[in-house]
Structure formats: structure tokens, C-alpha cells
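Trainee: Okay, here's the structure, questions in a sec.
The values are calculated or read from the model by the stated rules, or taken from the named source; none is laboratory data. Remember, predicted model here, so these are calculated numbers, not experimental data. Backbone-built Cβ (ideal geometry, glycine too); neighbour counts: all protein chains shown. In case anyone asks, the SASA skips ligands and DNA or RNA and just uses the protein heavy atoms, side chains included. Shrake-Rupley method; radii C 1.70, N 1.55, O 1.52, S 1.80 Å.
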Amino acid sequence: MFESMSFYITTPIYYVNAQPHLGHAYTTIAVDVLARHMRQRGRDVFFLTGTDEHGEPVADAARAQGVEPQELADVNAERFKSLMPRLEASNDFFIRTSDAQHEARVQEVLQRVHDNGHTYKGLYEGWYCPRCADFKVENEILEGNRCPIHEIELERHSEENWFFRLSTFQRALERLYAEQPDFVMPPRHYNEALSFIASGLQDVSLTRARLQWGVTVPWDPGHVFYVWFDALLNYYTALSYARPGEDLTDRFWPATYHVIGKDILKFHTVFWPALLLAAGLELPRHVFVHGFLLGADGRKMSKSLGNVLDPFEVIDRYGTDALRFYLMRDVAFGGDGAVGMEAVKARYETELANEYGNLASRTIAMLQRYRDGAIPQSDTDAGLARDFAGLDARVAELMDIAEPTQALELIWQRVRRLNRFVEERAPWQLARDPAAAGELDGTLASLAEGLRVVTVLLHPYMPASTERCMAALTASRDGAAQSTFARAAFARRAGGGAAVELEPLFPKRT
Ligand code: MSP
């Protein structure tokens, strides 16, 4: 199959009405894992994240704090921006929707939607959630007129607005879904989106008259655009100014993957493709929808329930790699999952320290003890080679369908296999028998090769620890070149070079 070289992947842009929390970290880490994996495969990757700064949620929060919206946005955008390096996120750009270039481009695209006849002026009346910045349709509303997401009481709003003729895209969207069953993944979310469309699309309001904190509507300057339209367009506008003096749109548009939480499904799988069609722009290839992180008690995380896991606390205690590993391993990507500090500790101790960390330490220690650090050149073990055969291709296939948890499980089975191999071969016994020198060479070469392969494959998940391990294992070679995906296959003949001492990758924590 033809694989396009460019790979454009995005996170949702995060609201600046509050501080970053684990949910934001989760999506960002998942996207980073996919982006790093694709870079290893030599794809031309662009990874975008950023902040959503306009609209009621931010204006209301600013008012409550007695500051201007821009001031609140500046403070919180900085918090999100500085979250990225702490997560080791390798984003290529950080967009803020209050960037002047973004605003100008939004006006340009939506003017085109207007010129193409997809808007009209009308009176809007409906039930509105100020936290979602969204009017709710009847079948979404909870008992007692409450928001299905925030469970707060909805407000009755009525105002004169410009409307977007979403209803006229019903057929086009049905066709899109019929022709591209992988437009939304996983399938249960495809079905959810499709049934929303099948239930009949209503036009949606495109502008707000009561609000000033937003992008001005060029053909009716008393209005600003409804924040969701301004926000969705970030995926498109960013490419035009992320690199000064260069427009990356042709190189990366359309997006390969929009990764989102299930709370914002409707906007990305219904509004967004319709808006792009209205503007005459190409549609993204896939929208990947993941689930919610829940408190350790299985309930939705919330400060008032006291079941919140703080990403910074995890990073301070166990390190960024442990947080990344834990989130990708413990919560099956795509589904909901409970998270808590006890579970982080358990994964850290049993899997990171005792399995991968121990494999790395003992392999390098044995190379030093028995071969002065030299990695013997030898044929590798046939049984191990069989167990590793096809692993790289399978991991790539899973990453292509945004299944980082399943891919990690396959890799981890090999980490465990290598530890069993050490026990089976008992190199410490071989070392006592001069006649077993060849067998010891083969054992050490196989172990070093296996460790090298799992380290390459784990790199997107745990960039810092795997880089340290790779550097120790390839001391006399170019470590970066060793980490490309082309080097992810288990070789039948391996070895050469030298290994140097490695401090424990995952030391004991209190
Ligand atoms: N600003 C909008 C998105 C606009 S995209 C054009 C928004 N922002 S948000 O700050 O509320 O972030 C929502 C996203 O953060 C979710 O879609 C999800 O990716 C992530 N998460 C927030 N809380 C989460 C959990 N409890 N669990 C998992 N992900 C969560 O919506």
C-alpha cells in the first residue's frame, strides 16, 4: 500500500480557563508516542498541540478572577506550554488561538464559507452549557435540564446569530462515513458519530453577538465566531505560520490523525468535516477517539471526590518515562480506565524496575564481567529469533491504527521472554566452564541483541531511559542511528562493539 511520507498528528487544543491536569497530559503523551514512532520510521512528522483561548469558558473564568481574558489566557497558556517539555512531548509547534496569524486565517476561511452560501442569519434559542460553550439538543439533555458532560444546569439562551448550514451536509457526511469506515476509530465511536448524523443534522450557530472575546466576523463585525469553529480551524491555520517565512500547508494538509477524548466527538466527527467541505478543503484521514481517565475508585476524576492523580506528583516521584509508560500500559488506549498512585507504584516496581530495568542492568553487567564489555559477535539463539520474528512489523501495524497499548504489550512479552532466557541459559554457569565459551558468546550476543531491539521499540514510550540504555549498549557506535525503525528487527547474527556501565534505569523509590 502506498504510504504517504508526511504524517500530521494533533492533540485537541486545551482550554486556558484552568490549569493542565492528567487528562491533558494523557492525550499529549499518546500523541507523542505515535509521533516519535512515526519519526523512527522515517515519516515526515508534524506534531501540533496548543491552547484554545476564546469563548465563554475563558471569558467567564477571567471575569470570576477579575482579570482580562487575554491576561488569564497568557498565564495559563504558559502553563500548558511548559507542561510539554516536562512530558518530553516532541511537539513541532504550540499554537495559541489568540495568535494574530491564526485569527486572520480563521477569518479568511470562514469568509469563504460565507461566500460559498453556507451561512444565514437567524434567531437562536436553546439550552446552553457555558462550560461546553455549546447548545445542547433535546436528546442530549439530562434530567433536570442538565449538561450531559458537566451535569450543571443549562441556561436558556436566545440571540440573533449567523448560522452554519450543517443540515445541508447530511448526505455528504453519510457518504463520507460509508466510504471511509476508518474515518473515526475505534469502531464504537464511528457508530456513535454515524448515529448522531443519522438522527438528523440541525443547523448550528456560527457566531455570537453577546460576546467580545473571540475572532471578529469579517462580514458582521458586531459578532465573534463561536469558539468551536475558531478552535477547530487551529489544525489548519497552524501550518501556515508555524515556520516563519514558510507555509507547511501543502506539505502536511490534510491531517493524518486528530486524537481526541470522547467528550469532543461531535465537534470533530460531524462539525469539522462539514466545515471543511463548506470551505472546499480536504478532510483529515482519521479521528482517533480515546476514553476517559477515571479515579482509582472508578469514578470520574474530580477534585471534590479527592481521586485526582496529579501528573507532576508522578513525575516528581517516578520520572516522566514512568508516567508515560504507566498511562500507555494501564489504560487500554481507546477505552476508559481508572488510574491512581498505587497502580503507578506497582507498574514501576514490577515492570520497569524488575523487568526492563533489570534486563538492561544484568545484560550489561554480564557483558562487563565475562567479556570486559565487548559484545561478542555470534549467531543469535534460534528460539529467541523465532519469538522476535515479525515483532517490528506487528508493532508498526498497531501504531498505524493508534493502538499503542496493544503494541506495548507485544514488546513487553519480549522483555519477559529475554528475562526467561537469562534464567534458562544461566550465563553464570556457562562462565565457569571454559568449554562453554562459544555458548556463552552466543547467549550474550542474543541478549544484547534482544535488549537492543526492545529498547528501539520502547523508545517512543520512554525516550529518556531508552536513550540511556542505547547509549550504554552502543558505546562505540552512533546511538541515534541505532534507534531508527530499520534497526528494530532481531538479527540472526549480531554483536560487535562494546557496552559501558549503566546506572539503574529505574532506581528504588520511596
Ligand atoms: N478546547 C477544547 C478542544 C478544542 S479542539 C479543537 C477542549 N479542551 S479541554 O481542555 O477541555 O480538553 C479536552 C481534552 O483533554 C479531551 O478531549 C481529552 O483529550 C483530554 N482530557 C481532559 N480530561 C480527560 C480525562 N479525564 N480523561 C482523558 N482525557 C481527558 O475540550
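Trainee: Can you list the residues, at least 5 places off or on another chain, whose amide H is less than 5 Å from the amide H of Phe93, using H built in the peptide plane?
Mentor: Phe47, Thr49
Trainee: Let me ask something else. Over segment 180-239, what relative contact order in percent results from Cα pairs under 8 Å that are six or more residues apart?
Mentor: Details: 41 pairs, mean separation 12.5, N = 60.
Relative contact order, segment 180-239: 21 percent.
Trainee: How many nm separate the modelled label positions at Glu71 and Arg509, each set 7 Å beyond the Cα in the direction of the Cβ?
Mentor: That separation, rounded to one decimal, is 3.8 nm.
Trainee: Tell me the relative contact order for segment 168-286 as a rounded percent, counting alpha carbon contacts under 8 Å between residues six or more apart. Let's see the in-between values first.
Mentor: Working: 109 pairs, mean separation 28.7, N = 119.
Normalised by residue count, the contact order of segment 168-286 is 24 percent.
Trainee: Trypsin sites (Lys or Arg not before Pro) within segment 298-373: which are DSSP loop residues with at most 15 other Cβ atoms inside 10 Å?
Mentor: Values: sites: Arg299, Lys300, Lys303, Arg317, Arg324, Arg329, Lys345, Arg347, Arg362, Arg369, Arg371; in loops: Arg299.
Here the trypsin sites (Lys or Arg not before Pro) that fit, given the DSSP loop and packing criteria, are Arg299.
Trainee: Largest first and in whole Å, what are the equivalent-ellipsoid semi-axes of segment 258-389 based on the Cα gyration tensor, each being the root of 5 times an eigenvalue? Write out the running numbers ahead of the final one.
Mentor: Values: eigenvalues 330, 129, 30 Å².
Equivalent ellipsoid of segment 258-389: 41, 25, 12 Å, largest first.
Trainee: Same structure, new question: Can you tell me what percent of all Cα-Cα pairs in segment 140-183 are more than 18 Å apart? Write out the running numbers ahead of the final one.
Mentor: On the way: 576 of 946 pairs.
Cα-Cα pairs of segment 140-183 separated by over 18 Å account for 61 percent.
Trainee: Can you tell me the length gained on complete extension of the stretch Glu138 to Asp310, counting 0.36 nm per residue apart and subtracting the Cα distance? Could you put the intermediate results ahead of the total?
Mentor: Numbers: separation 172, 0.36 × 172 = 61.92 nm, distance 3.57 nm.
That works out to 58.3 nm of additional length.
Trainee: Calculated FRET efficiency, Arg386 and Lys303, Cβ-Cβ r, R0 60 Å, to nearest 0.05?
Mentor: Values: r = 51 Å, r/R0 = 0.85.
Efficiency for this residue pair is about 0.75.
Trainee: Once both labels are modelled 7 Å past Cα along the beta-carbon direction, what's the Ala365-Arg79 spacing in nm?
Mentor: Roughly 4.4 nm, to one decimal.
Trainee: Now, a different point. Write down the Å³ per residue value for the convex hull defined by the alpha carbon atoms of segment 41-178.
Mentor: Enclosed volume per residue, from the Cα hull, is 208 Å³.
Trainee: Could you derive backbone 3J(HN,Hα) for segment 464-472 from the dihedral phi with the Karplus parameters 6.51, -1.76 and 1.60 (θ = phi - 60°), listing whole Hz in sequence and x where the residue is Gly or Pro?
Mentor: 6, 5, 5, 5, 5, 5, 5, 5, 5
Trainee: Using the Karplus equation 6.51 cos²θ - 1.76 cosθ + 1.60 (θ = phi - 60°), what ³J(HN,Hα) coupling, rounded to whole Hz, does each residue of segment 310-319 give in order, writing x for Gly and Pro?
Mentor: Result, rounded to whole Hz: 8, x, 6, 5, 5, 4, 4, 7, 10, x.
Trainee: Using Cα centres only, tell me the gap between segment 323-384 and segment 411-459 in whole Å.
Mentor: Going from one Cα centre to the other spans 14 Å.
Trainee: Now, a different point. For Asn116 and Glu151, what does the FRET efficiency come to when R0 = 22 Å and r is the distance between their Cβ atoms, rounded to the nearest 0.05?
Mentor: On the way: r = 38 Å, r/R0 = 1.74.
Computed FRET efficiency for Asn116 and Glu151: 0.05.
Trainee: Using amide H atoms built in the peptide plane, which far-off residues or other-chain residues are under 5 Å from Ser6 H to H?
Mentor: Asp44
Trainee: Please give the charge dipole size of the chain, origin at the Cα centre, charges +1 on K and R Cβ atoms and -1 on D and E Cβ atoms. Round to the nearest 20 debye. Numbers along the way, then the final one.
Mentor: Numbers: 54 positive and 69 negative charges, 261 e Å.
With Lys and Arg at +1 and Asp and Glu at -1, about 1260 debye.
Trainee: Setting aside same-chain residues fewer than 8 positions from Lys303, which lysines have a Cα under 29 Å from its Cα?
Mentor: Lys81, Lys136, Lys262, Lys266, Lys345
Trainee: Oh, and also: Taking the Cβ-Cβ separation of Ala18 and Arg317 as r and a Förster radius of 25 Å, what is the calculated FRET efficiency to the nearest 0.05? If you can, show how the numbers build up before the last one.
Mentor: Details: r = 23 Å, r/R0 = 0.93.
The formula returns an efficiency of 0.60 here.
Trainee: Now, a different point. Report the rotationally averaged projected area of segment 410-462 based on its alpha-carbon convex hull, in square nanometres.
Mentor: That works out to 3.7 nm².
Trainee: So between Gln413 and Lys262, what do we pick up on full extension, going 0.36 nm a residue minus the alpha carbon distance? The partial results should precede the final answer.
Mentor: Working: separation 151, 0.36 × 151 = 54.36 nm, distance 2.98 nm.
Between Gln413 and Lys262, full extension yields 51.4 nm more.
Trainee: Another question, then. Please get the size of the charge dipole for segment 364-432, origin at its Cα centre, with Cβ charges of +1 on Lys and Arg and -1 on Asp and Glu, quoted in debye to the nearest 20.
Mentor: 440
Trainee: Turning to a different aspect of this structure: Once the Cα atoms of the chain are picked out, what are the Rg and Dmax in Å?
Mentor: 25.8, 90
Trainee: Evaluate the relative contact order of the chain (contact order divided by residue number), counting alpha-carbon pairs under 8 angstrom at least 6 apart; express in whole percent. Before the final figure, lay out each step's value.
Mentor: Working: 843 pairs, mean separation 74.8, N = 510.
It comes to 15 percent, rounded to a whole number.
Trainee: At 0.36 nm per residue, and after removing the present C-alpha to C-alpha distance, how many nm does the segment from Ala100 to Gln429 gain when stretched out fully? Let's see the in-between values first.
Mentor: Numbers: separation 329, 0.36 × 329 = 118.44 nm, distance 6.86 nm.
Between Ala100 and Gln429, full extension yields an extra 111.6 nm.
Trainee: Say each of Ala172 and Glu246 gets a label point 7 Å from the Cα, pointing the same way as Cα to Cβ; how far apart are those two points in nm?
Mentor: 3.2
Trainee: Let me ask something else about it. Determine the dipole magnitude for segment 153-235: charges of +1 sit on the beta-carbon of Lys and Arg, -1 on that of Asp and Glu, nothing else is charged, the reference point is the Cα centre, and the result goes in debye to the nearest 20. Please report the intermediate quantities before stating the final value.
Mentor: Details: 7 positive and 11 negative charges, 20 e Å.
It comes to approximately 100 debye.
Trainee: Shifting gears a bit: Could you give the accessible area per residue of the chain, probe 1.4 Å, as a whole number in Å²?
Mentor: On the way: 20760 Å² over 510 residues.
Value returned for the chain: 41 Å² of accessible area per residue.
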